[in-house]
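J.: Take this structure, written in structure tokens, and hold onto it; I'll ask about it next.
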Amino acid sequence: MTLDDANGRRAFALPGSTLHYGPDKTVDVEHIDLQLAPDLENRKLDGICTTTVRALDEAVSVLTLDAVDIQIVSIECDGNSLTYTPQGERLDVHFDPPLAPGTATTFAITYRVSDPRHGLFFVEPSAEYPKKIRHAWSQCQDENARYWFPCLDYPHEKQTTSATIAVPKGQFALGNGELVERREESGKTIYRYRQDVPHSTYLVPMVAGPFVEVAQPGASVPIYYYVLPGREADGERAFGKTPAMMALFEQRLEARYPYARYSQIAVSDFIFGGMENTTATTQTDRTLHDERAHLDFSSDPLVAHELAHQWFGDLLTCRDWSQAWLNESFATFFEGVFREADLGYEEYLYDVFGWMKRYLEEDRDRYRRAIVCNDYRDPIELFDRHLYEKGGAVLHMLRGELGEGRFWRSIRRYVADNSGRNVETIDLIRAIEQASGRNMRAFFDRWIFRGGHPQLRVSATYDDARHALTIAIDQTQPIDAENPPFAFDVDLEAGGRKMRVRIEREHETITVPLESEPALVRFDPGAFILADVTYALGVRFAVAVLAGDPSIVARIRAGRELVKEGSAQARAALAAAFQDDMFWGVLAELAAALGKSHAAWARNLLLGALHHRHPKVRRAVAEALGEFNEAEVADALKIPARGDASYFVTQAALHALGKTRGDKAFKILREAARGTSWNGVIESGAALGLGELADPRATPLLLELTKPGNDQSTRGSALVALARQAGLLESERAAAIDAIGRALDDTGFAVTRSAILAAERLGDKHFLTALDRLAENGFAGRLRRDASEAAARIRDAQKAPAAVSSLRSDLEALRAEQRKLQEKLEALSRA
Ligand SMILES: [Zn+2]
């Protein structure tokens, strides 16, 4: 493990990483037909996979398929047996005589899969979870179809498919495409599906179980969702807007939804949020939610994301995983497109702001990479915040660069020219050129084929004598021959004048002659530039922006400047914002900034906003109050901690209450930990709060919450809380190590993932053996990646424990100093 730059980020490529390119092709796969008989009780699948292939330009005597842990019974072609040779994770099928160039053949592989490691998952009731309903679901992305049917398992191979699935009488089964037949036969119900538009194997699903079907009328094709019995109303809350989304995307793309029908099926213990299988999206059942959660939780982003994939990913498919941003960034961007149409431009812009923020965190705390990247061990490693959030923000930036008309004409051109095909970034660049005449190669080179982003400091001064406004834009990231300044156009506005100016040097100053000081100075009102922006506008301009700039991103940036500044004028402006600002996202961001300031005046402002009408503001305020370890704050937090209309406000208040270590906190947290709320939201908050108390009485409660039987997110939070508590109280370390160590071997995805995080936070070398094992054999790619990174960080910390602990105490001293200075500053500003 190496550090890749002066900022101490790790290299994205883990040891053992190699450059990946799609494999060569000797045949074109024309069709795959699956006959599937899942045995849910015995975790088995019997199948016949019938494949039609056509030889390309040379005769084919051996065809190598991907097939892992698949027991082959026979392979037949026109009534004759074909010989085959298993080759580890591959299967060689021999053609004798060889298949002549241009000719097609069809062969049928009869096989069995028993208790598969990947690809196909069986859910069943257990002693700890007796209410679980037995069902099975598959998950093929990125290369796991090969665990349950033999195939050429790469995105560049597209074929039509059909599937016949036999399930116990009365149960349901889902496959791709149109439902062409449903019949009863010898105690079984048999479903037959056919998908006539070619697609890739990673988009082939099989789901089976006692699901309930709900039709959603009003779209250009039949739409359904499927939930396990009893979740119908929750399903409506989660999936109700799907027909409206489909109509919107068809209108934006000027392209009809490309398939015969669309279904969403909600399954338990899913290892992703959703999976865009062609026509048949699998969704996590954790997105199903009750009335109370609906107050401030929405499935719309998830639903919009998977629906957008039906075009971006399924119809236009990345040629290989290095190009996966053409799937994921578009799906992320379309979450915002729906949000804008449904809830308005401010909500869209706040989505964009959120994408930038989450990407910037990953870039700062983990690694920096180009969005298009083929250096990995496992393709799933690419599915990170660069691929989703950064790419989404780059598409927003492209929207700003091209302008609304040209942007949408370009996207439509890209879809029209590439439907049914595999795509690479160059196809998008060409479509933009065709549609708009714009040569965007420099843009894509900078933002897609290279990593990083500018750090901008924006300041403004008005010179009364010269009647001129000067706006300075400084790029403060390290700049050298390898990393020249970023070049981009940005919109500015002052005194009624709108300008688009070119920024290309490290320090740029723009002077605008203005008769008098402008009321407002606006920088990048559309928040198009993907950058880490700090405002240094000065109190006067910052106050004006916070009060009057229509851009929510500008208001957030100005508000942050004012929190730092902290003068009486700044405080008054911030207090006014909490009274007047109609957009909750601005206040949520300001609440976080106020919390980090640790200033007494900020605390008072937050206390006044704790009962704000918007639940998402209350949640952010409650979280921020956790920064103030004071009796008055503890007292105020007790009210939302005991109950708020919103689950999430209560969760945040419980966590924050723990941080205050108030005298009643333990009792309230203990009480809350005993509940059984939706998705364990409240118990999770209680667990996190208990972990902050530095009180040994919390240990048995936390250990109880880590046990199977509790909600998976409660279990995860309890593990993270144990790590936190052990960091505060050495006496509780052994108990934490024991519980986290056990959870590293858990079979639940979410629990194992939290255990990895907890292990890393605690940083104990006892975890290394288990983490190394997970890095090698974890049952999901993301667990392998997380475990590798956690093990490397623990090893680094072990190497330099003295340096770390001395840095820690330096940091504590600095924080104490900051608090003192802040108090002095406040005393002075009062005087
Ligand atoms: Zn996606």
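J.: Is there any pair with a first residue in the stretch 721-737 that is under 19 Å from S754 (Cβ atoms) and a second that is open to solvent by 40 Å² or more (accessible area, probe 1.4 Å) and of a type in the set (D, E, K, R) whose Cβ atoms are under 6 Å apart and which are 6 or more apart or on different chains, and what are they?
T.: Correct list of pairs: A723/R761; A726/R733.
This table checks each residue for (1) open to solvent by less than 20 Å² (accessible area, probe 1.4 Å); (2) touching a residue at least 40 places away in the same chain (Cβ under 8 Å); (3) within 22 Å of F121 (Cα to Cα).
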site	(1), (2), (3)
L45	yes, yes, yes
L56	no, yes, no
T64	no, no, no
A67	yes, yes, yes
I70	no, yes, yes
D78	no, no, no
T83	no, no, no
E89	no, yes, yes
F95	yes, no, no
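J.: Take the conditions within 16 Å of the ligand (Cβ to nearest atom), open to solvent by less than 10 Å² (accessible area, probe 1.4 Å) and among the hydrophobic types (A, V, I, L, M, F, W, C) and apply them to V423. Does it pass?
T.: yes
J.: Could you tell me whether T317 is in contact with a strand residue (DSSP E or B) (Cβ under 6 Å, 6 or more places away or on another chain), under 30 Å from I426 (Cβ atoms), in a strand (DSSP E or B) and within 16 Å of the ligand (Cβ to nearest atom)?
T.: So T317 passes the test.
J.: From the list A145, A127, exactly one residue is among the small types (G, A, S) and more than 25 Å from V73 (Cα to Cα). Which is it?
T.: Of A145, A127, the one residue that is among the small types (G, A, S) and more than 25 Å from V73 (Cα to Cα) is A127.
J.: Could you list, in sequence order, the residues of the stretch 278-313 that are over 14 Å from the mean Cα position of the chain (by Cα), in a helix (DSSP H, G or I) and within 11 Å of the ligand (Cβ to nearest atom)?
T.: The answer is L307, A308, H309.
Okay, residues lined up against (1) among the charged types (D, E, K, R); (2) surrounded by fewer than 19 Cβ atoms within 10 Å (Cβ to Cβ):
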position	(1), (2)
Y359	no, no
N374	no, yes
P379	no, no
D384	yes, no
L387	no, no
F407	no, no
S410	no, no
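J.: Hey, S186 hits all of (1) in contact with a helix residue (DSSP H, G or I) (Cβ under 9 Å, 6 or more places away or on another chain); (2) at pLDDT below 95 but one; which does it fall short on?
T.: The failed condition is (1).
J.: Can you find a residue that is under 21 Å from L382 (Cα atoms), more than 16 Å from the ligand (Cβ to nearest atom) and not polar (S, T, N, Q) anywhere in the stretch 329-347?
T.: No, the stretch 329-347 contains no residue that is under 21 Å from L382 (Cα atoms), more than 16 Å from the ligand (Cβ to nearest atom) and not polar (S, T, N, Q).
J.: When the residues of the stretch 229-277 are filtered to those that are surrounded by 23 or more Cβ atoms within 10 Å (Cβ to Cβ) and in a loop (DSSP other than H, G, I, E, B), which remaining residue is farthest from the ligand (Cβ to nearest atom)?
T.: N277
J.: Take T110 and decide whether it is under 30 Å from F779 (Cβ atoms), under 39 Å from the mean Cα position of the chain (by Cα) and open to solvent by less than 40 Å² (accessible area, probe 1.4 Å).
T.: no
J.: Further question on the same structure: Only one of (1) within 16 Å of the ligand (Cβ to nearest atom); (2) within 17 Å of the chain's Cα centre (by Cα); (3) over 26 Å from F749 (Cα atoms); (4) hydroxyl-bearing (S, T, Y) is not met by Y350, so which one is it?
T.: (1)
J.: Considering only residues of the stretch 635-690 that are among the β-branched types (V, I, T) and in a helix (DSSP H, G or I), which is most open to solvent (accessible area, probe 1.4 Å)?
T.: Filtering the stretch 635-690 for residues that are among the β-branched types (V, I, T) and in a helix (DSSP H, G or I), the one most open to solvent (accessible area, probe 1.4 Å) comes out as I639.
J.: Return the total of residues in the stretch 489-502 being assigned to a strand (DSSP E or B), surrounded by fewer than 21 Cβ atoms within 10 Å (Cβ to Cβ) and either in contact (Cβ under 8 Å) with a residue 24 or more places away in the chain or among the hydroxyl-bearing types (S, T, Y) (or both).
T.: Matching residues across the stretch 489-502 total 3.
J.: Given the criterion on the phi > 0 side of the Ramachandran plot and open to solvent by less than 20 Å² (accessible area, probe 1.4 Å), identify the matching residue among G354, G313, G336.
T.: Step by step, each of G354, G313, G336 is checked, and only G313 is on the phi > 0 side of the Ramachandran plot and open to solvent by less than 20 Å² (accessible area, probe 1.4 Å).
J.: Picking from P478, P518, P454, which residue would you name as being open to solvent by less than 10 Å² (accessible area, probe 1.4 Å) and touching a residue at least 60 places away in the same chain (Cβ under 8 Å)?
T.: P454
J.: Return yes or no: is Y376 touching a strand residue (DSSP E or B) at 6+ places or on another chain (Cβ under 6 Å) and in contact (Cβ under 8 Å) with a residue 40 or more places away in the chain?
T.: Spelling it out, it is not the case that Y376 is touching a strand residue (DSSP E or B) at 6+ places or on another chain (Cβ under 6 Å) and in contact (Cβ under 8 Å) with a residue 40 or more places away in the chain.
J.: May I pose another question? Within the stretch 761-791, work out how many residues are surrounded by fewer than 22 Cβ atoms within 10 Å (Cβ to Cβ), over 29 Å from C140 (Cα atoms) and of a type in the set (A, V, I, L, M, F, W, C).
T.: So the count comes out to 1.
J.: Any residue that is within 30 Å of A575 (Cα to Cα), of a type outside the set (D, E, K, R) and open to solvent by 10 Å² or more (accessible area, probe 1.4 Å) - is there at least one of those in the stretch 627-634?
T.: Within the stretch 627-634 (the criterion being within 30 Å of A575 (Cα to Cα), of a type outside the set (D, E, K, R) and open to solvent by 10 Å² or more (accessible area, probe 1.4 Å)), the answer is yes, since at least one residue qualifies.
J.: Among what's in the stretch 275-298 and is in contact with a His (Cβ under 7 Å, 6 or more places away or on another chain) and not aromatic (F, W, Y), pick the residue that is farthest from K131 (Cα to Cα).
T.: The selected residue is T278.
J.: Can I ask one more? Would you pick out the residues in the stretch 713-736 that are closer than 13 Å to S684 by Cβ and polar (S, T, N, Q)?
T.: Across the stretch 713-736, the qualifying residues are S713, T714, S717.
J.: Same structure, new question: Name the strands (runs of 3 or more DSSP E) wholly inside the stretch 54-132 in which the number of residues that are closer than 19 Å to Q35 by Cα is 3 or more.
T.: Counting at least 3 such residues, we get 71-77, 104-114, 120-123.
J.: Moving on to the next point. Looking only at the stretch 122-132, which residues are of a type in the set (A, V, I, L, M) and open to solvent by less than 60 Å² (accessible area, probe 1.4 Å)?
T.: Matches in the stretch 122-132: V123 only.
J.: Something else about it: Do any residues in the stretch 792-804 that are modelled with pLDDT under 80 and loosely packed, with under 11 Cβ neighbours inside 10 Å have Cβ atoms under 7 Å from those of residues that are in a helix (DSSP H, G or I) and of a type in the set (S, T, N, Q), where the two are at least six apart or on different chains, and which pairs are they?
T.: Filtered contacts from the stretch 792-804: no entries.
J.: Still on this structure: Can you tell me which residues in the stretch 365-414 are farther than 24 Å from L302 by Cβ, at pLDDT 95 or above and of a type in the set (D, E, K, R)?
T.: Correct list: R368, R369, D375, E401, E404, R406, R409, R412, R413.
J.: E143: among the acidic types (D, E), in contact (Cβ under 8 Å) with a residue 12 or more places away in the chain and surrounded by fewer than 20 Cβ atoms within 10 Å (Cβ to Cβ), yes or no?
T.: The answer is no for E143.
J.: Something else about it: Would you mind listing the helices (runs of 4 or more DSSP H) fully within the stretch 543-615 where at least 3 residues are over 20 Å from E493 (Cβ atoms) and within 30 Å of the chain's Cα centre (by Cα)?
T.: 584-597
J.: Would you say R194 is touching a strand residue (DSSP E or B) at 6+ places or on another chain (Cβ under 8 Å) and either within 16 Å of the ligand (Cβ to nearest atom) or open to solvent by 40 Å² or more (accessible area, probe 1.4 Å) (or both)?
T.: Considered against the rule, which asks whether it is touching a strand residue (DSSP E or B) at 6+ places or on another chain (Cβ under 8 Å) and either within 16 Å of the ligand (Cβ to nearest atom) or open to solvent by 40 Å² or more (accessible area, probe 1.4 Å) (or both), R194 comes out as yes.
The values are calculated or read from the model by the stated rules, or taken from the named source; none is laboratory data. What you see is a predicted model, and the numbers here were worked out from it, not measured in a lab. Backbone-built Cβ (ideal geometry, glycine too); neighbour counts: all protein chains shown. The accessibility values were calculated without ligands, DNA or RNA, using every heavy atom of the protein model including side chains. Shrake-Rupley method; radii C 1.70, N 1.55, O 1.52, S 1.80 Å.
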